[in-house]
Amino acid sequence: MAKLTLEALRKMRNETQQAMSMRDSSKKDVQVIVGMGTCGIAAGAKDAFGAIVDAIASKGLTNVLVRQTGCMGLCHSEPTVEVVAPDMPAVIYGNVNADVAREIVETHVIGRKLLDGHICDRPSVDIIANK
Amino acid sequence: MAYQQYLLVCGGTACTSGQSLELAANLEKGIEAAGLSERVQVVRTGCLGFCEKGPIVKVLPEGTFYVCVKPEDAAEIVKEHVVKGRVVPRLLYDEKQAKTLVGEENIPFYQKQFRIVLRNCGVIDPEKIEDYVARDGYKALEKVLFEMKPEDVVDEILKSGLRGRGGAGFPTGRKWQFAAAQPKGQKYMVCNADEGDPGAYMDRSTLEGDPHSVLEAMTIAGYAIGASKGFIYIRAEYPLAIHRLEVAIKQARELGLLGDDILGSGFSFDIELRFGAGAFVCGEETALLQSIEGNRGMPRPRPPFPAVKGLWGRPTVINNVETLANIPVIIMKGWQWFSGIGTETTKGTKVFALTGKVNNSGLIEVPMGTTLREIIFEIGGGIRNGHRFKAAQTGGPSGGIIPPQFLDTPIDYESLAKIGSIMGSGGLIVMDETDCVVDIAKFYLDFTVDESCGKCAPCRIGGRKLLNYLKKITDGRGTEQDIKDMEAICDAMNKASLCGLGQTASNPVKSTLRYFMDEYLEHVNERKCRAGKCAKLVRYSIDPEKCKGCTMCARKCPAGAISGTVRQPHSIDQTKCVKCGACESTCKFGAISHG
Ligand SMILES: Cc1cc2nc3c(=O)[nH]c(=O)nc-3n(C[C@H](O)[C@H](O)[C@H](O)COP(=O)(O)O)c2cc1C
């Protein structure tokens with residue numbers, strides 16, 4: 001990769017910001033984000049990740065992006081999975097084993113309903129997005 | 001069609017015992033009666049914390065937070081909030097206090113946590129530099145390299161009031177100022193990621209979740225003090241954090257955000273990792289420098305301070321991971337913003353690893369000045385299994401125990417020192433009445449004796465002596481004179497040890513003596529441990545009046561210490577009993593107790 005100049009870094013920031021706000025609805029408009037810190041992995045986040053990827057493939061969904069992230073801080077409810085879908089509030093699910101992971105795809109991603117019994121509170125406001 | 005509104009009803013244990021499920025059913029009925037089932041979904045959640053104020057209802061998407069909601073409040077919530085879009089003020093949590101703590105940041109509804117250090121943790125993919133850049137990553141670096149002189153950067157950090165989060169709380173700007181004032185030449189910037197206190201994992205999680213924030217901060221610090229080289233000292237026991245740092249450094253180098261002539265600014269800076277083998281003393285800055293140089297990690301007296309004479313005798317700034325993760329935000333938002341958060345003497349936030357007997361253990365970040373009560377009972381959801389709060393330990397093996405009378409003390413460096421503990425790096429361990437304070441002091445001493453490097457006598461010998469006394473007391477052989485001797489040793493270690501390890505190792509003993517002397521005296525005078533933790537002092541017995549002779553306990557006992565005939569009262573052979581407590585938890589008739 002070429003070294004960035006100041007302008008190139010700014011351009012990259014703008015482009016990625018736009019890509020992340022998912023304005024291009026023809027492509028992936030749903031994000032499923034799995035917490036993969038040491039705590040999450042120890043609690044089984046890799047199983048949840050695998051189950052989500054399999055469920056998405058077997059349902060033939062092409063609009064879903066599965067991502068990893070670090071610890072969301074909810075150690076008491078690991079593994080945690082966040083789902084961001086258009087026209088729905090972004091929510092974090094806790095204690096997501098492989099079965100719950102499949103239910104999340106079934107109910108939230110496809111059925112567009114929130115799943116009972118697993119939602120955790122978002123820890124705080126986002127100081128970056130709330131500029 | 002998607003729903004437009006969601007009512008989240010807490011389905012945690014505390015809230016369900018407060019009839020939250022009836023409440024959810026009532027809300028559903030009300031919404032159906034209003035003909036809005038297609039538009040509004042009622043969802044039962046896991047525990048939302050805040051169990052003290054349950055049942056909790058949270059309305060999405062806007063986030064209205066209702067507390068102490070009863071099943072009969074459902075009708076009003078539906079009629080007012082759902083149908084007319086007006087909040088029900090009487091059910092809201094008072095949000096005034098949070099507003100004053102976090103300055104002008106606009107908090108729509110009640111929120112205890114405030115994330116500066118953890119801003120990206122759980123949001124970005126830590127292995128994608130693009131994710132970090134999109135969230136204003138490396139924007140502070142741009143500003144520093146192209147709009148600020150090194151002395152402006154130092155000044156900004158100085159004015160922000162940021163203090164070191166590695167434990168001692170030294171003003172970060174002052175440290176940078178010292179190093180910047182040294183004559184030009186080779187200088188170094190070091191990140192301390194050794195994090196070895198039992199129960200602490202704040203720095204590891206930050207590095208795992210947001211490695212670029214630390215790289216960016218180190219580069220900014222390098223620019224401010226005139227260093228071209230940085231080291232991250234991280235323990236080899238943190239493989240995932242190491243992996244993510246390696247990926248991040250590689251990406252930053254490829255894009256020219258590390259290396260020569262960063263972004264064409266003419267400033268060059270690079271970072272290397274150094275692995276620690278997991279010795280607690282190597283977290284102490286002078287020992288850490290020895291370890292980076294390839295020597296055995298042993299502390300040396302200060303001065304000279306590392307900012308004057310550090311790595312290979314060159315000026316070196318050492319900062320903790322959490323301290324550094326604050327830097328890019330301070331540069332971006334300005335010192336005024338940062339110094340508006342926290343208390344008079346301590347600005348910003350603190351990350352805690354909240355563990356022990358709380359319902360919701362986790363990694364939390366709160367504004368300085370938050371109270372222990374808010375942390376334990378609101379964020380942490382209270383004490384597990386309906387037990388009582390006994391004490392909290394902050395600062396790990398260098399810290400002290402905080403008893404219930406200080407639950408409402410606003411947390412900052414000074415207030416914690418005043419009550420005999422320290423902020424430390426952020427481990428926060430919660431204890432209930434089944435924890436014995438003498439046993440806890442023994443646990444920490446065991447750790448520091450193990451980790452003492454042995455260079456100075458007060459720490460090497462004093463620590464061992466203290467541990468021996470504690471063992472004697474928990475074994476039921478202690479005397480009141482032992483307690484007096486321990487107090488003298490604590491003082492001597494505190495005054496005469498070479499480094500922070502020995503100087504603070506006696507804190508767990510000192511603070512438990514200060515607040516729980518009665519329990520020490522019980523151990524030595526009555527040979528009694530009220531928590532039932534000190535095995536040699538515990539005696540299990542069966543009440544013949546209550547015992548039904550069901551034989552359950554005899555079958556559970558791993559030592560074969562219980563005997564008796566069916567339907568006749570049983571008894572325990574004290575010489576065989578191993579004090580595991582299995583009999584007591586098995587008995588359905590409450591016939592077995594310990595004392
Ligand atoms: C025994 C001992 C262990 C320490 N361990 C750590 C540690 O794991 N991480 C850390 O950042 N600071 C640790 N410190 C504090 C460091 O010596 C130093 O004060 C700190 O890294 C400075 O960074 P700060 O000003 O950003 O807090 C330890 C100190 C002592 C005495």
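Give me the distance between the Cα centres of segment B:444-473 and segment B:493-508, rounded to whole Å.
What the calculation gives is 10 Å, centre to centre.
Give me the orientation-averaged projected area of the Cα convex hull of segment A:27-129, in nm², one decimal.
It is 6.3 nm².
Let me have the relative contact order for chain B, percent, based on Cα pairs under 8 Å that are six or more residues apart.
Relative contact order comes out at 11 percent.
Taking the Cβ of B:ARG300 as the centre, find all other residues whose Cβ is under 13 Å away and add up their charges (Lys, Arg: +1; Asp, Glu: -1).
+1
Pairing the Cα long axis of helix A:6-20 with the longest principal axis of chain A, what angle in degrees results, from 0 to 90 and rounded to the nearest 10?
Computed tilt is about 30 degrees.
Determine, for segment B:539-594, the count of lysine pairs separated by eight or more sequence positions (or lying on different chains) whose alpha-carbon distance falls under 13 Å.
4
Report the gain in length on full extension from B:SER541 to B:CYS68: 0.36 nm times residue separation, minus Cα-Cα distance, nm rounded to one decimal.
Gain on stretching B:SER541 to B:CYS68: 166.0 nm.
What is the distance, in nm, between label points placed 7 Å from the Cα along the Cα-to-Cβ direction at B:PHE146 and at B:ASP408?
Here the modelled spin labels are 5.2 nm apart.
Write down the Å³ per residue value for the convex hull defined by the alpha carbon atoms of segment B:349-432.
Hull volume over Cα atoms, normalised by residue count, gives 72 Å³.
Say a paramagnetic label sat at a point 7 Å from the Cα of B:GLU433, along Cα to Cβ; which residues of segment B:574-591 have their backbone N under 18 Å from it?
Residues B:584-585, B:590-591 fall inside that zone.
Could you check how much of the accessible area of segment B:5-107 is carbon and sulfur, as a whole percent, using a 1.4 Å probe?
Carbon and sulfur together cover 52 percent of it.
Ordered by packing density, taken as the mean number of other Cβ atoms within 10 Å over each peptide's residues, highest first, how do B:392-400, B:495-503 rank?
Peptide ranking by packing, descending: B:392-400, B:495-503.
Can you pull the one-decimal nm distance between simple spin-label points at B:THR13 and A:ILE110, each 7 Å off the Cα toward Cβ?
3.5 nm
Is the shape of segment B:437-525 rounded, prolate or oblate, going by the alpha carbon gyration tensor and its root eigenvalues a ≥ b ≥ c, with a/c under 1.5 for rounded and a/b larger than b/c for prolate?
Cα axes put segment B:437-525 in the prolate bin.
Which value, in debye to the nearest 20, gives the size of the charge dipole of segment B:539-594 about its Cα centre, when Lys and Arg are +1 and Asp and Glu are -1 at the Cβ?
Using only the charged Cβ atoms, the result is roughly 140 debye.
Report, for the protein assembly as shown, the % of DSSP beta bridges that are antiparallel, rounded to 5.
Antiparallel: roughly 55 percent of the beta bridges in the protein assembly as shown.
So which aspartates and glutamates can A:LYS113 reach, going by Cα to Cα under 13 Å and dropping same-chain residues fewer than 8 places off?
Counting by Cα, and skipping residues close in sequence, A:LYS113 has these aspartates and glutamates nearby: A:ASP87, A:GLU103, B:GLU38.
Between B:SER571 and B:MET552, what length comes free when the chain is fully extended (0.36 nm per residue of separation minus the Cα-Cα distance, one decimal in nm)?
5.6 nm
Distances over 35 Å make up what percent of all Cα-Cα pairs in the protein assembly as shown?
Across the protein assembly as shown, Cα pairs with separations above 35 Å total 51 percent.
Quick one: dipole size for segment B:337-426, taken about the Cα centre, charges +1 on Lys/Arg Cβ and -1 on Asp/Glu Cβ, in debye to the nearest 20.
Using Cβ point charges on Lys, Arg, Asp and Glu, segment B:337-426 gives about 360 debye.
Please compute, for peptide A:75-82, the average count of beta-carbon atoms on other protein chains lying within 10 Å of each residue's beta-carbon.
Mean number of neighbouring Cβ atoms from other chains: 4.
Determine the distance separating the Cα centre of segment B:269-295 from the Cα centre of segment B:181-231; give it in Å without decimals.
12 Å
How many Å² of accessible surface get buried when A and B come together, counting both sides, probe radius 1.4 Å, rounded to the nearest 100?
Using a 1.4 Å probe, the pair buries roughly 4900 Å².
Other chains' Cβ within 10 Å of A:107-120 residues: what's the mean?
Per residue, the number of nearby Cβ atoms from other chains is 4 on average.
If you take every DSSP beta bridge fully contained in chain B, what fraction is antiparallel? Give it as a percent rounded to 5.
Once the DSSP bridges in chain B are tallied, antiparallel ones form about 55 percent.
So, R0 is 35 Å and r is the distance between the beta-carbons of A:LEU65 and B:LYS29; what FRET efficiency does that work out to, to 0.05?
0.40
Determine which aspartates and glutamates satisfy two conditions relative to B:LYS58: a Cα distance under 12 Å, and not lying fewer than 8 residues away in the same chain.
Cα-Cα hits under 12 Å: A:ASP121.
For a Förster distance of 30 Å, can you work out the FRET efficiency between the beta-carbons of A:LYS28 and B:VAL247, rounded to the nearest 0.05?
According to the calculation, E is roughly 0.85.
Report in % the part of the accessible area of segment B:458-545 that belongs to carbon and sulfur, leaving out ligands and nucleic acids; probe 1.4 Å.
Carbon and sulfur: 48 percent of the exposed surface of segment B:458-545.
The values are calculated or read from the model by the stated rules, or taken from the named source; none is laboratory data. Computed from a prediction, not measured in an experiment: that's the story for all the values here. A quick note on method: Cβ atoms are made from the backbone with ideal geometry, for glycine too, and the neighbour counts reach across all protein chains shown. Please note that ligands, DNA and RNA were not included when accessible areas were found on the heavy atoms of the full protein model with its side chains. Shrake-Rupley method; radii C 1.70, N 1.55, O 1.52, S 1.80 Å.
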